[in-house]
Each structure stands twice: as C-alpha cells, then as structure tokens.
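Undergrad: Encoded as structure tokens, here's the structure I'll be asking about.
Please treat every number below as a calculation from the coordinates, not as lab data. Remember, predicted model here, so these are calculated numbers, not experimental data. All Cβ positions, glycine included, derive from the backbone under ideal geometry; neighbour counts span all protein chains shown.
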Amino acid sequence: MKADPTASVETQIEGLSHDGRGVARIEGKVWFVEGALPGETVSVKRLKGRRSYSTGVVDSIIVKSADRVKPKCGYFGICGGCAVQHLSYAGQLDFKKQVVSDALVGAQVPLPDQIDILSADPWAYRRRARLGVRYVPKKGGALVGFRERNNSYITGLESCDVLVKSVSDLLPSLRGLIEQISVRDQLPQIEVAVGENATALVFRHLKPLTDPDRDALAAFGEIHQTQIFTQSKGPKTVTAVWPTEPDSLNYPLEKFGLTIEFSPVDFVQINGAINEKLVETITSWLELNHQDEVLDLFCGLGNFSLATAQSAKKVLGVEGEPSLVQKAELNASRNQIQNATFRTRDLFDDGIADWSEGNFSKVIVDPPRSGAREALKRVVDDVKPEAIAYVSCNPATLARDSADLIESGIYRLDRLLVADMFPHTAHVETAALFKQIS
C-alpha cells in the first residue's frame, strides 16, 4: 500500500533556501518547508510534489530552534510581504550573509576575510510598496494589502509593521475609500511612495473613473493630507488628483547636504535609512579625491552621483531611462552640483558607446536584478578603473558578474557587505568593492 501523500511526515531541517524556506531531505528527496528553521525537528504537511523536489509547510514543531521568535505581525504566515519574521533579527542577518557567501563561492569568487553588515531599525522602514486591491463581497468587500503566500489572493491588512507609519495608518480608511469607487472591481493596485515631505498614493484603474470617483479620491487626500494620483496605463498617464499641483517628493542624504526629488512612480530604494548608509559606505570605499573622475552606471535620480561629486573632480551618470536622466539633471541643478553630468544609454547593449567623456578612475554600478554583465565588460575592456563599487539586489547576478571581473585577471574582491534593505524578507542587497590587482 502506498503512503498517504497528504499525511504529515517528521524531519530535521538542515538549512534555509535563498527564499527563506527550511531545507530538508526526506527519503533522499529535497523538501522546501515553509515556516521551518535550521536545526529544528518538525512535522511537515506536503503542499506540492515535483520530480526533483517537494514543498511543504510546518504542521507542528517538535524541536525548536533557539533563533525562533514570535512574529510581531499577526498576518505573518498568510501575507506574502514577509518571509522570515519567525527568525530572530540576528539570525536574519546571518542568513543573508550566508546567501551571499554561497552564491559567490559557487561562482568560484574568492571572498574577503569578512562580510560586513549595514542595518537599521527593522520596522516601519518601507517607503515604497505596491499594494494589491481586490473587491470581494464574499470576504466583506474591499481588500487592500500584499498577496498571500503561494497564491494570488490579497491579504486584507488593517495595519502593516514594515510599512512606514503614515501608510500603515491609512490602510483601514483605504478599504472604505475603495468601496465608494464605481469601478472598485477594476482597481488592481495602489502604488505607495513616501518622501520626507509627503506621502503619495497612485491608484491604478483599468476602467475610466467617474467625476464622483475623482471627488472621493480628492476628498480622501485632503482629509488625510496625502497626495493622490491616478494611473490608467503606463507611467505617462499618472495624473495628480489632490492637490492638482503637488510638490515633488524628496528624501535627504544628510551627510552630504543633499535633497533628492522624485515622483511617486520613480525608483528609489525602499529603505531610506539603509540607502543613506549605503551611499556613505560606497563613497568611503572609493577613497575619492579631487583628481578622480567617476562613472556611475544605472545612476537613476543621481543617488550616488551627486554624493560622489562632492569629493571627485567630475562625475558622469549613465541611465537607460530618459525621464530619470532629466530628473538627475534637475537634482544636480537644485543641489548646486556643477561637476556632474548625465547621459541616456542602453546599458544592456553589447555595443554600448565608449566612455569618451572622461578618464574614469572609479566606477559605480547599481543595476536591476538582471545585473550589469554587458556594461562591466565594456568598463573592463575600455576603462580599467582603479576600483569598481557594485551595488546588487540579486546575489545570483552579483556572483556571475563578480566571476567575470575576477576572470579578467585585473580585479580582486576587496570588500563585501550585506545591506539589510528589506528586513523580514528574503531579499538581499549587497555591496562589493573590486580593486585592481597590484
């Protein structure tokens, strides 16, 4: 008789996967177990089976890890916004260091003597988010929150411990607002952006809003002193509802005396405290002087460019999105930075134009999850800077690109740190410094 595939099975957890699930071996097969921690003995209920692995969820804990803590959030385990709230914060940092170490070792990249850590308050840190919206009469009406784990349903949140307080406090009222909208079943998401000066909400809608809908949105914004925007299609359709001419959002880089302006749909790092520490770290690592010319690739709004310009001879920021280049230029002007210029180029094209605008001694790269392979190849072939600072949100592509730099025979990995940009999640932000081999 075959074993019941739905029955729970007891097992020991050997480690954590890159996405924060416990890893076990049951009858020679790898299992990924939600809610389990290394060193624990647990009873596991199977979720799905694949040829090469199975997934499961903890049914009961028989032997508990010393690193297990009670999650602060009552939605944890249902909401997909966080993955490791059940792991102590020190344990979370160790886990992320291990993820980075494993990725680089797997790519045969020699590690420095230590992996440093940047951390800050792990709660109420999230200033950017996309909140899902669903109108489900059977569940009481409008739901606003993050997706549930393992499915596309929305967790209806009344509060959120990782969102900044100005947004968390709005969640109960947002539910009532959505229920007033005539096309409430055609509002898939609300994009959240919080600056030092204001909070903004962008309501994505798939059908046209009525005048009463816009009146309700405007009234909500005025009551809660929150900027309200609508978006019918792409970013160019974002329209201010209240106030009709809102101030740009901004965040400070206090050590540098800078204020960076951005729009509600521009990319900014979601954790302001960690972003500022990261900018300080990168500028310190590069040991800039007034003879240095800096090339900042994937420069965005000028987050690194404007800070490094204060210590360097000049900076060239390069970005693929023209609207971000325009805003970087505006940020340079408003901060009275005269030695930073910006250009639009496709940084994923093997035929990137040469860097003819300077003799660059230092390079910064801060790419999206897909990494910077093409851009770094041109940097190594054409520029050969003294140092390259690489900021990564994906350990896998960091490892790949690091291996390329090492294999060039020109660079070694000198410094490495994990910046805990996303506490209580499995996302890992890393910074690495490569120096020429002397």
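Undergrad: Arranged by the count of other C-beta atoms within 10 angstrom, fewest first, what order do T11, T55, T308 take?
TA: T55, T11, T308
Undergrad: With Rg and the Kirkwood Rh both taken from Cα atoms, where does Rg over Rh land for the range 300-426?
TA: That ratio equals 0.96.
Undergrad: Moving on to the next point. Given R₀ = 41 Å, FRET efficiency for I62-S159 by Cβ-Cβ distance, to 0.05?
TA: Efficiency, rounded to the nearest 0.05: 0.80.
Undergrad: What share of the DSSP beta bridges in the chain is antiparallel, in percent to the nearest 5?
TA: For the chain, the DSSP antiparallel bridge percentage is about 65.
Undergrad: What's the ranking of 112-118, 123-129 by average number of surrounding C-beta atoms within 10 Å, highest first?
TA: The densest-packed peptide leads the list: 123-129, 112-118.
Undergrad: Simple spin-label model, 7 Å along Cα-to-Cβ: T237 to K384 in nm?
TA: Roughly 5.1 nm, to one decimal.
Undergrad: Right, another one. State, in angstrom, two size descriptors of the range 389-438 derived from its alpha carbons: Rg to one decimal place and Dmax to the nearest whole number.
TA: Answer for the range 389-438, Rg first and Dmax second: 11.8, 40 Å.
Undergrad: Compare the peptides 192-199, 234-241 by average per-residue count of other Cβ atoms within 10 angstrom and give them in order, highest first.
TA: My ranking of the peptides, most packed first, is 192-199, 234-241.
Undergrad: Fully extended, how many nm does the chain gain between R369 and R130 (0.36 nm per residue separation, minus their Cα-Cα distance)?
TA: 84.3 nm is the gain from fully extending R369 to R130.
Undergrad: Any chance you could tell me what percent of the C-alpha pair distances in the range 1-126 go past 20 Å?
TA: 50 percent
Undergrad: By how many nm would the segment from T244 to I78 grow when fully extended, if each residue of separation counts as 0.36 nm and the alpha-carbon distance is taken off?
TA: Full-extension gain reported as 56.0 nm.
Undergrad: To continue, here is another question. Grab the Cα-Cα distance for W123 and D19, subtract it from 0.36 nm times how many residues apart they are, and report the gain in nm with one decimal.
TA: 35.5 nm
Undergrad: Report the label-to-label distance for T210 and E287 in nanometres (one decimal), using points 7 Å from each Cα along the Cα→Cβ vector.
TA: Each label point lies 7 Å from its Cα, and together they span 6.8 nm.
Undergrad: Right, something else. What's the long-distance tail for the range 128-249, i.e. % of Cα pairs beyond 23 Å?
TA: Tail fraction, whole percent: 24.
Undergrad: Report the FRET efficiency, 1/(1 + (r/R0)^6), for L111 and I26, where r is their Cβ-Cβ distance and R0 is 41 Å, rounded to 0.05.
TA: 0.80
Undergrad: Moving to a separate point now. Rank S311, S168, S284 by mean-square fluctuation in a GNM of the chain with C-alpha springs under 10 angstrom and give only the top-ranked residue.
TA: Maximum fluctuation in the GNM of the chain, among the listed residues, is at S284.
Undergrad: Using C-alpha positions alone, give me the convex hull volume of the range 218-283 per residue in cubic angstrom.
TA: Dividing the Cα hull volume of the range 218-283 by its residue count gives 112 Å³.
Undergrad: Can I ask one more? For the ranges 180-186, 100-106, 299-305, what's the packing order if you count other beta-carbon atoms within 10 Å of each residue, average per peptide, and put the highest first?
TA: 299-305, 100-106, 180-186
Undergrad: Based on the Cα gyration tensor of the range 9-63, what are the three equivalent ellipsoid semi-axes, each the root of five times an eigenvalue, rounded to whole Å and given largest first?
TA: Equivalent ellipsoid of the range 9-63: 15, 12, 10 Å, largest first.
Undergrad: Give the span of the range 360-426's Cα atoms along each principal axis, as three whole-Å numbers ordered largest to smallest.
TA: Projected onto its principal axes, the Cα set of the range 360-426 covers 40, 20, 19 Å.
Undergrad: With viscosity set to 1.567 mPa s at 4 °C, what whole-number translational diffusion coefficient in µm²/s follows for the range 63-151 from Stokes-Einstein and a Kirkwood radius over Cα pairs?
TA: 80 µm²/s
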